[in-house]
Amino acid sequence: MEEKILEMAIIGAGPAGLTAAIYGARGGLDTAVFAGPAAGGQLLMTMDIENFPGFANPISGFDLMTKVLTQAKRLGAQIINENVREIEVSSNLFTIRAGQKDYKTKTIIIATGAQARWLGLPSESKLMGKGISGCATCDGFFYKGKEVAVIGGGDTAAEDALFLTKFATKVYMIHRRDQLRAAFLLQQKIKSNPKIEMIYDHVVEEFLGENKVEGAILKNVKTGDKKTLNASAFFVAIGHTPNTEIFKGKVKLDNEGYVEVNANFETSVEGIYAAGDVCDRIYKQAIVAAGSGCMAAMNAIKHLENK
Ligand code: NAP
């Protein structure tokens, strides 16, 4: 039997990938999404989303992405629960190697998103999963009645700190500057929450503990003074790195590893597009990712029509 050729292969199933799938399938293309083991992307770890239009009340990331996935499937997108190992770039037809199979496709949309960044301390790797976590939504529950800390000053850190107050008796927020980066509304919530104590101008030098975290040595970046903070868990929320390992040498990446795209979401290779956090150094919002997924898909459809 002759191998079927896909018209649009989308790698990644967060808001960018699944929106591209909705537009691809609805545009009549033979569309497949390589979703890995679970579709949804980073939003699966977000508790309450208040800024995605259309939801008057907060919706969980899981519920939102379940709806988008259902919508993409209903419109005819095929969901393949495999991780992509490699892509082969040629002038006309691309190959995607995923699981035990190779898939041929006329266009690709890269929508692999980004993942949480770590501090890179030896004690961080040693105590990972033993009180050091990158996911407050996943692990916060285990620290009921304890004192915990969040590292970072962005939206993720602020949301994590607020979420952790549901369980912890006290949440320290350790930030390397004297001003938060988080959105104004989140900052207001942080300031008015009596369980949250800000520790500005400090970085973690090392985590303390052998088999589980017991605290951390903090350094004041302005004075150089050091102090010990005792806490049962530390949640690292210091930003993200794009998931582009498999695209190195295939499409052009910038110096931080983001896929370079033009205003049409075209990469350096004709027929390959990128959308969402994998090419977004600035906004990193679900709605922006969804919008760019739409634009990438519409441009891919046009590209095929003009071929
Ligand atoms: P982010 O905005 O890049 O913030 C990272 C924070 O970590 C910054 O405060 C940064 O400090 C700090 N940081 C970075 N490297 C560090 C290091 N090595 N040591 C100590 N601190 C370090 O990342 P994010 O909070 O994950 O947010 C990413 C994007 O997602 C943002 O665009 C955000 O708006 C969006 N987001 C939105 C929502 C929402 O709207 N509900 C929720 C989560 C995330 P500096 O401030 O000094 O740079």
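Restricting the range 239-248 to residues that are in a loop (DSSP other than H, G, I, E, B) and more than 12 Å from the chain's Cα centre (by Cα) leaves a set whose member that is farthest from the ligand (Cβ to nearest atom) is 248.
For the range 205-220, residues that are surrounded by 14 or more Cβ atoms within 10 Å (Cβ to Cβ) and assigned to a loop (DSSP other than H, G, I, E, B) total 3. Inclusion of residue 172 among residues that are farther than 30 Å from residue 34 by Cα, more than 11 Å from the ligand (Cβ to nearest atom), of a type in the set (Ser, Thr, Tyr) and assigned to a strand (DSSP E or B) is warranted. Residues in the range 182-204 that are surrounded by fewer than 15 Cβ atoms within 10 Å (Cβ to Cβ), within 13 Å of the ligand (Cβ to nearest atom) and of a type in the set (D, E, K, R): none.
Sub-6 Å Cβ pairs linking a first residue in the range 239-251 that is on the phi > 0 side of the Ramachandran plot to a second residue that is at pLDDT 95 or above, at least 6 apart or interchain, number zero.
Right, residue 225: closer than 17 Å to residue 156 by Cα and among the acidic types (Asp, Glu) or not? No. Here residue 52 meets the list (1) among the aromatic types (Phe, Trp, Tyr); (2) more than 12 Å from the ligand (Cβ to nearest atom); (3) in a loop (DSSP other than H, G, I, E, B) almost entirely, failing just condition (2).
From 286, 290, 231, 274, grab the single residue that is buried (at least 20 other Cβ atoms within 10 Å of the Cβ), more than 21 Å from residue 15 (Cα to Cα) and among the aliphatic types (A, V, I, L, M). The unique qualifying residue is 231. In this structure, does residue 35 turn out to be hydrophobic (A, V, I, L, M, F, W, C), out of contact with any Cys (no Cβ under 7 Å at 6 or more places or on another chain), farther than 26 Å from residue 302 by Cα and surrounded by 15 or more Cβ atoms within 10 Å (Cβ to Cβ)? It is false that residue 35 is hydrophobic (A, V, I, L, M, F, W, C), out of contact with any Cys (no Cβ under 7 Å at 6 or more places or on another chain), farther than 26 Å from residue 302 by Cα and surrounded by 15 or more Cβ atoms within 10 Å (Cβ to Cβ). Of the strands (runs of 3 or more DSSP E) contained entirely in the range 80-167, those carrying at least 2 residues that are at pLDDT 95 or above and farther than 25 Å from residue 247 by Cα fall at 147-151.
The values are calculated or read from the model by the stated rules, or taken from the named source; none is laboratory data. Since this is a predicted model, take the numbers as computed values, not measurements. Here Cβ is always computed from backbone atoms with ideal geometry, including for glycine, and neighbour counts include all displayed protein chains.
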